[in-house]
Amino acid sequence: MSKLLEMRNKFSQSWGNLSKNKKIAYSILVGVILIALTSFIVATTQTKYAVLYSNLSTEDSGTIITQLKTDKVDYKVSGTSILVPKDQIDSLRMTLASEVTLTDGSKGFELFDTSKMAPTDTETKIMYQRALSGEIERAIKSFPEVEGAKVNLVMPESTAFVKETDPATASVVLKLKSGTKLTDEQVKAIVSLTTGAVQNLPKENVSIVSDDFKLLTEGLYDKEKDTITDSTDEQQELQAQVEKSLEAKIMKVLEPVYKDSVKVSVNADLDFDALTRKSTTYGTKGAVVSSHDIETWNGGTSTGLSTSPVDNATQNTSPTTTKDGNIVSKESTKNYDITKTDDNVVKAPGAVKKITTSVVLDGNLDVATKTSVNNLVAQAIGYSGARGDTISIEGLYFNTAAKKAAQQALLDIANADKAAANKVLYTRIAIGALAILIFIIAIVVIRRSRKKEETTSEGIDMIIGDNIPPKQEEFAPIEFESNDKKSNMENQVKKYAAEKPEQVADIIKSWLTEDER
């Protein structure tokens, strides 16, 4: 205890001997150290939260919070997110998966699990309609572009006394995620999903409305859709693809040489007319269809075989007499069939009729350069003079002001990013230097508090601006021969001590005893 009191007294004495500026500097230093230690302790001991579930419906959020309260788990609610301690997320998700069933705001056929024992027919129909709507909502919400959905069904009653009932109708309200949009094919998929789940629901009776009040099913199944416009769009798209392909071929040849100093434009004239052409070609001499030969001798007549290559199965042969004597006459008859060839040529649409190419190079071009570039372009596009293709090569000076401005803008952005990065780096260096300085000052303060006498710290004096010169002990000059009052008194004391040494010793002992008391 005495040591503590002694240390406190020494600290109080040292603190009292400090100047005002030093006291202020030490007070600020101690305050900064305490704040830093407190922040560090709070940051390390504070519980870190992370998102357990987000963007849940009101019913599902209430179910999750109720279960967390039952399990006595700490949680926070931030907007549409439920936060829990970060180190418990994985275990809580697995636990809640078995304890809670998320409906995503739509209740399906589980409505029948909680219904009463004997519902009426009307109640059963209402519950079935609600359950069917909920199941369709869940299916639609599973699409990545859809954030929320609401389905309303109107299902007419079917009885045995009415042969044909009115068809059902359905209205669907969709809440799309930010920045997303449904295509016609996706809208048709939702319509098919709805019509397939509801009995007697034609696709024309399904209305789908987006959250920005747009009717997505308007004209979706219009039979009188302008097919000519669609065909024209397809033709223009095909023409653009052909032109882009030809431009890419030219740039592939010229870009390695001219880099950014070349511009290419290709205009392709395509023939989209479908042509069917039929032609018939007749030969000059055809195959023998039939032949008939007659020979006459001086002793009789003989008729040769009459053949028909067209129908060999019905050939007739005439009897031949004995060939005696000399031939008097010979008659031969042959029938020919002219050959005929039919050609049916179908020309597919999209053939290239004409290609017009323009190439602009930066600067003046001589004749040799134009000729070389013209040859390269002709080879790249498949130039055909018979088709009427044309190639134009021109040399002009490009306006690079916009390019330079863009490059300067990019350079400014890069410099700004570099400056921001340097600022962050310098800030971190300054924080680190300040932390090191605080640590050094703390060590100096601790060492100074342990010293018995005040010492001058040059480092602290430079920081607080209190340059106090060290104190030097001053001694009076020694005067060996002096006749003043003081020297006379000293001489008398010395004389008395020499004559009466015992009395002088007693006086000194009494002084020492009083000092010890």
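Some points to look at:
- The label-point distance for Leu437 and Lys72, in a model that sets each label 7 Å from Cα toward Cβ, rounds to 5.1 nm.
- Of the cross-linked pairs Lys86/Lys177; Lys263/Lys370; Lys69/Lys177; Lys244/Lys353, those separated by over 21 Å at the C-alpha level are Lys86/Lys177; Lys69/Lys177.
- Counted residue by residue at 0.36 nm each, then reduced by the alpha carbon distance between them, the extension gain from Tyr258 to Leu238 reaches 4.3 nm.
- Evaluating 6.51 cos²θ - 1.76 cosθ + 1.60 at θ = phi - 60° for every residue in region 128-134, the Karplus couplings come out as 5, 5, 5, 5, 5, 4, x Hz, glycine and proline recorded as x.
- Taking amide H positions as modeled 1.01 Å from N, with prolines and chain starts lacking one, the residues under 5 Å from Gly395 and 5 or more places away or on another chain are Leu361, Leu365.
- FRET E, pair Ser81, Glu185, Förster distance 41 Å, beta-carbon r, rounded to 0.05: 0.75
- For region 35-102, share of DSSP beta bridges that run antiparallel, in % to the nearest 5: 100
- Euclidean distance between Cα centres, region 386-444 to region 1-80, Å: 40
- Working ranking of peptides 260-270, 33-43 by packing, defined as the average number of other Cβ atoms within 10 Å per residue, highest first, is 260-270, 33-43.
- Sequence-distant residues sharing a close amide H with Leu201 (under 5 Å, placed H): Ala168
- Measuring nothing but how far apart in sequence close Cα pairs (under 8 Å, 6+ apart) lie, relative to its length, region 13-104 scores a relative contact order of 30 percent.
- Surrounding net charge for Ile355, when Lys and Arg each add one and Asp and Glu each subtract one, Cβ distance under 10 Å: 0
- Rg/Rh (Cα only; Kirkwood hydrodynamic radius) as it applies to region 10-70: 1.50
- Distance between the 7 Å Cα→Cβ label points at Ala43 and Leu5: 4.4 nm.
- Amide H contacts of Ile208: Val172, Leu216, Thr217, each under 5 Å away and 5 or more positions distant or on a separate chain (H built 1.01 Å from N in the peptide plane; Pro and chain starts excluded).
- Using θ = phi - 60° and Karplus 6.51 cos²θ - 1.76 cosθ + 1.60, couplings along region 355-363 (whole Hz; Gly, Pro as x): 10, 10, 10, 10, 10, 10, 10, 6, x
- Counting 0.36 nm for each residue step from Leu411 to Ile28 and taking away their Cα separation leaves a gain of 133.5 nm.
Every number in this text was worked out from the coordinates using simple rules, so none of it is lab data. All of these numbers come straight from a predicted model, not from anything done at the bench. Note: ideal-geometry Cβ built from the backbone for every residue, glycine included; neighbour counts use all protein chains shown.
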